Amino acid sequence: MQIIGIRTSLFKENASLFHFIYNHVSLLKEGDILAITSKIVALSQGRTSSIREKGKMIRMNARDSIKTPWALLTLTGDGWNINAGVDESNANNKIILMPKNSFQVAESLLLKLRRKFSITKLGILITDTKSVPLRVGIIGRAVAYAGFEPIKSYIAKKDLFGRKSRFTESNIADSLAAIAVLVMGEGSEQTPLVILRNTPIRFSSKKIRKKLSFPPQKDIFAAIYKNRAK
């Protein structure tokens, strides 16, 4: 697999996301995936606010919250995350919220970029970061995707010794997001776009919006926060 980080100019609030990509991505090949940080998607939508509004914005976007010594652990439509995705980093003295209608954005970019580069097999991946319980640091996660199957199921398939799996599913979208975010970085890298080439995924021409999170009641870690989940 080939991973190509694209260093860009600074993305300006309310700028056109497509034109930004058009100006910085000179070539997409058949079978490529273009990963885009959710931060510039949010900026293209004007999803910012003043720092003094941070607490209010977190409350508005959280279904439930647990206070910790470091930040609020919040429950949103995309699972448990920190501060409901509200972020001060690389925000130029503002806060940046999570983007809206991320799947629609991914699907729209997919259609436009397929036409521009005259290709049919293309994936779009909008990324963010997440913390994992009892693990140090953050890793990438998929906010939205288009053009490929996000999950590979091993249910009822045999392993090397003939044992059939009952539950295992591989989260392809999050795995690819983790790779892309490693290259994007979290500081001054200025690399909001990453091309993933020759990935072992299944492309699809269908519109797929399979959620990559589920209610806390169905989570294997439910016992940890069952008294807090709504």
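A few remarks follow.
- Residue match in segment 24-44 (condition: within 21 Å of the chain's Cα centre (by Cα) and closer than 24 Å to P215 by Cβ): yes
- Residue within segment 174-183 that is outside any strand (DSSP E or B) and modelled with pLDDT under 95 present: no
- Listed by first and then second residue, the pairs linking a residue in segment 166-189 that is more than 12 Å from D128 (Cα to Cα) to a residue that is polar (S, T, N, Q) and open to solvent by 20 Å² or more (accessible area, probe 1.4 Å), with Cβ atoms under 6 Å apart and 6 or more places separating them unless they lie on different chains, are E169/S153.
- Residue in segment 220-228 that is part of a loop (DSSP other than H, G, I, E, B), in contact (Cβ under 8 Å) with a residue 40 or more places away in the chain and open to solvent by less than 80 Å² (accessible area, probe 1.4 Å) present: no
- Strands (runs of 3 or more DSSP E) contained entirely in segment 115-158, each with at least 3 residues that are closer than 12 Å to A35 by Cα, at pLDDT 95 or above and open to solvent by less than 10 Å² (accessible area, probe 1.4 Å): 122-131, 138-146
- Segment 30-47, subset assigned to a loop (DSSP other than H, G, I, E, B) and either among the charged types (D, E, K, R) or at pLDDT below 95 (or both), residue nearest to L97 (Cα to Cα): R47
- The set of residues in segment 90-114 being under 15 Å from the mean Cα position of the chain (by Cα) and surrounded by fewer than 20 Cβ atoms within 10 Å (Cβ to Cβ) consists of K100, N101, F103, Q104, E107.
- Some residue of segment 18-29 being at pLDDT 95 or above, in a helix (DSSP H, G or I) and buried (at least 20 other Cβ atoms within 10 Å of the Cβ): yes
- A Cβ distance below 7 Å, combined with a sequence gap of six or more or placement on separate chains, defines the contacts here; from segment 58-69, residues that are closer than 9 Å to N83 by Cα reach residues that are part of a strand (DSSP E or B) and of a type in the set (A, V, I, L, M) in the pairs I58/L72; A62/L75; S65/L72; S65/L73.
The values are calculated or read from the model by the stated rules, or taken from the named source; none is laboratory data. Bear in mind the structure is a predicted one, so any value in this text is a computation, not a measurement. Heads up, the Cβs are rebuilt from the backbone with ideal geometry, glycines too, and the neighbour counts pull from every protein chain shown. Side chains included, ligands, DNA and RNA excluded: accessible areas come from the protein's heavy atoms. Shrake-Rupley method; radii C 1.70, N 1.55, O 1.52, S 1.80 Å.
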